[in-house]
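Novice: Pasting a structure below so you can have a look.
The values are calculated or read from the model by the stated rules, or taken from the named source; none is laboratory data. Note that the coordinates shown come from a computational prediction; the quantities given were computed from them, not determined experimentally. Virtual Cβ from ideal backbone geometry, glycine too; neighbours counted across all protein chains shown. We work out accessible area using only protein heavy atoms, side chains counted, and drop any ligands, DNA or RNA first. Shrake-Rupley method; radii C 1.70, N 1.55, O 1.52, S 1.80 Å.
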Amino acid sequence: MAAVSVSAPGKVILHGEHSVVYGRRAVALSLDLRTTLTLTPGGARLVLDLPEVDIQQAWPMGEVEALWERLGQPGEACAAPLTEAQVGQVRDFLGLPEDPPGGPRGLALLSFFQLYLAILPRPVPATLRVTSQLPTGAGLGSSAAYAVCLSAALLRLAGRGAAADSTPSTEVSGGLSLQEVSGWAFRSEQIVHGTPSGIDNSICTYGGAVSFKAGCCSPLGAPPLQVLLVNTRVPRSTKALVAAVAARRRRLPEVVEPVLDALDALAERALQTLADLSSADSPQQQDEAYAALHELVDINHALLASLSVSHASLERLVGVAASYGLHAKLTGAGGGGLGVVVLGRDTAPEAVDKCRSELEAQGYQVWQTILGAPGLTFH
Ligand code: PMV
């Protein structure tokens, strides 16, 4: 097999963060900051080179084969994902602590090994190099994009798909079923996040925009959206924020359930609004659709704040955006991390520039970008 090079985009959740964990609808769009992986088969070792999280490591094949024997893998391509006990053995092999398994570096090693050992019929030597434009731990889907690239490249190494079949569709890329790639990436996300909803691996695989509910993902033909993506630079833990919402829901189910239902209704309405935007054939119709989208963004942020997943840095961001007539919400788990300012067709460029400058002066990192980039791509 020749070397294979794949890339996957990051993601932004437009509606449905947190409520998606409880079976409500979410809408996510891909981001044109990408992770790229090149896999070169051959050599005498298994090499993983991931400079962003300080990994440059090589394992002699004898050691990898001994691990393989200990795990008792069935010797079939794409066997079942590793069990908890097997993941424990891999963690021991890598010398990683149990929980959390050693920060982003440990998680990246663990994700790689569990996919490599489950997807391949036998250990084979290869060199994998990964580079990423996505900051880690900011909620932009860096771990999902990494897992999607790993799953696709390893499936190809296992003899699946075809280099010649390079025309991507909504179901297939490089001859691989996107559903299968996303499924393997989900398993890797379970190691990183505990109980992920599955939205990150879906959007990073399919790209564009996806609607996601109760484990089912539907790619959407949504129009590209102009946004300011704003990094508060405040670190947060998705796992801890998800746990805090779960605790509030246990304490106050009669209060929290209606909020989750309202978030679901917002996401449903957003689907309709994105469809209206795609089919609008006059500037007036587009402006009406953007006005509706902006109203949904405002309400969404307020509902998420009511679940206590906002943060002073996010409230300041929403306030600065509002002072220029713009509409912002937190995106992802909240508690810091990222916010998104959704722009419109007729948003005044001066307002955008001033908002951006003020946010940057206050220490935020700002990207002006368009959401809706292609998903898994073979290069
Ligand atoms: O923190 P992020 O951007 O990875 O987003 C987490 C989104 C949640 O809905 C809070 C959790 C999930 O698994 O969907």
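Novice: Could you go through region 46-68 and let me know if any residue there is touching a residue at least 60 places away in the same chain (Cβ under 8 Å), within 16 Å of the ligand (Cβ to nearest atom) and either touching a Cys at 6+ places or on another chain (Cβ under 6 Å) or open to solvent by less than 10 Å² (accessible area, probe 1.4 Å) (or both). Full working, then the answer.
Specialist: In the first step, residues of region 46-68 are kept if they are touching a residue at least 60 places away in the same chain (Cβ under 8 Å); the result is 46-53, 61.
Narrowing further to those that are within 16 Å of the ligand (Cβ to nearest atom): none.
Within region 46-68 (the criterion being touching a residue at least 60 places away in the same chain (Cβ under 8 Å), within 16 Å of the ligand (Cβ to nearest atom) and either touching a Cys at 6+ places or on another chain (Cβ under 6 Å) or open to solvent by less than 10 Å² (accessible area, probe 1.4 Å) (or both)), the answer is no, since none of the residues qualifies.
Novice: Can you tell me which condition E84 does not meet? The list is (1) modelled with pLDDT under 95; (2) in contact with a helix residue (DSSP H, G or I) (Cβ under 6 Å, 6 or more places away or on another chain); (3) open to solvent by 40 Å² or more (accessible area, probe 1.4 Å), and all the others hold.
Specialist: Result: E84 fails condition (2) only.
Novice: Among the residues that make up region 4-12, is at least one of them more than 21 Å from the chain's Cα centre (by Cα) and away from the ligand (no atom under 16 Å from the Cβ)?
Specialist: Initial filter on region 4-12 (more than 21 Å from the chain's Cα centre (by Cα)): 4.
When the remaining residues are screened for being away from the ligand (no atom under 16 Å from the Cβ), the result is 4.
Within region 4-12, one or more residues are more than 21 Å from the chain's Cα centre (by Cα) and away from the ligand (no atom under 16 Å from the Cβ).
Novice: May I ask you to list the residues in region 183-231 that are among the hydrophobic types (A, V, I, L, M, F, W, C), modelled with pLDDT of 90 or more and open to solvent by 30 Å² or more (accessible area, probe 1.4 Å)? Explain how you work it out, then say what you get.
Specialist: Taking region 183-231 and keeping what is among the hydrophobic types (A, V, I, L, M, F, W, C), we get 184-186, 191-192, 199, 203-204, 209-210, 212, 214, 216-217, 220, 222, 225, 227-230.
Now restrict to residues that are modelled with pLDDT of 90 or more: 184-186, 199, 203-204, 209-210, 212, 225, 227-230.
If the condition is that a residue be among the hydrophobic types (A, V, I, L, M, F, W, C), modelled with pLDDT of 90 or more and open to solvent by 30 Å² or more (accessible area, probe 1.4 Å), then F186 is the only one that fits.
Novice: If you don't mind, there's one more thing I want to ask. Here are some residues: A333, A321, A312. Which one is in the same structural domain as V245 (by TED's automatic domain parsing) and free of Cβ contacts under 8 Å to residues at least 12 places away in the same chain? I'd like the intermediate steps shown before the answer.
Specialist: Values: A333 fails: free of Cβ contacts under 8 Å to residues at least 12 places away in the same chain; A321 fails: free of Cβ contacts under 8 Å to residues at least 12 places away in the same chain.
Residue meeting the stated conditions: A312.
Novice: Note down all Cβ pairs under 8 Å where the first residue falls in region 281-305 and is in contact (Cβ under 8 Å) with a residue 24 or more places away in the chain, the second is acidic (D, E) and crowded, with 21+ Cβ neighbours inside 10 Å, and they're at least six residues apart or on different chains.
Specialist: L304/E17
Novice: Just one of the numbered conditions (1) in contact with a strand residue (DSSP E or B) (Cβ under 8 Å, 6 or more places away or on another chain); (2) within 13 Å of the ligand (Cβ to nearest atom) is not true of A152; which one?
Specialist: Only one criterion is unmet by A152, namely (2).
Novice: Would you check if D276 is of a type in the set (D, E), over 23 Å from W367 (Cα atoms) and either modelled with pLDDT under 95 or buried (at least 21 other Cβ atoms within 10 Å of the Cβ) (or both)? If you could, list the steps in order and put the result at the bottom.
Specialist: Numbers: of a type in the set (D, E): yes; over 23 Å from W367 (Cα atoms): yes; either modelled with pLDDT under 95 or buried (at least 21 other Cβ atoms within 10 Å of the Cβ) (or both): yes.
For D276, the condition - of a type in the set (D, E), over 23 Å from W367 (Cα atoms) and either modelled with pLDDT under 95 or buried (at least 21 other Cβ atoms within 10 Å of the Cβ) (or both) - is met.
Novice: Here is a follow-up. Looking at (1) closer than 22 Å to S237 by Cβ; (2) away from the ligand (no atom under 16 Å from the Cβ); (3) of a type in the set (V, I, T), find the lone condition where T38 falls short.
Specialist: (1)
Novice: Among the numbered criteria (1) among the polar types (S, T, N, Q); (2) more than 16 Å from the ligand (Cβ to nearest atom); (3) surrounded by 19 or more Cβ atoms within 10 Å (Cβ to Cβ); (4) not in a loop (DSSP other than H, G, I, E, B), which one does Q73 miss?
Specialist: That leaves (4) as the condition not met.
Novice: While we're on this one: Suppose we filter region 324-365 for residues that are basic (K, R) and within 13 Å of the ligand (Cβ to nearest atom); how many remain?
Specialist: Residues of region 324-365 basic (K, R): 329, 345, 354, 356.
Now restrict to residues that are within 13 Å of the ligand (Cβ to nearest atom): 329.
Of the residues in that region, 1 qualify.
Novice: If you check A209 against the conditions, is it assigned by TED's automatic domain parsing to the domain that holds G344 and either touching a Leu at 6+ places or on another chain (Cβ under 8 Å) or hydroxyl-bearing (S, T, Y) (or both)?
Specialist: Working: assigned by TED's automatic domain parsing to the domain that holds G344: no; either touching a Leu at 6+ places or on another chain (Cβ under 8 Å) or hydroxyl-bearing (S, T, Y) (or both): yes.
Taking the combined requirement at face value, the residue does not satisfy it.
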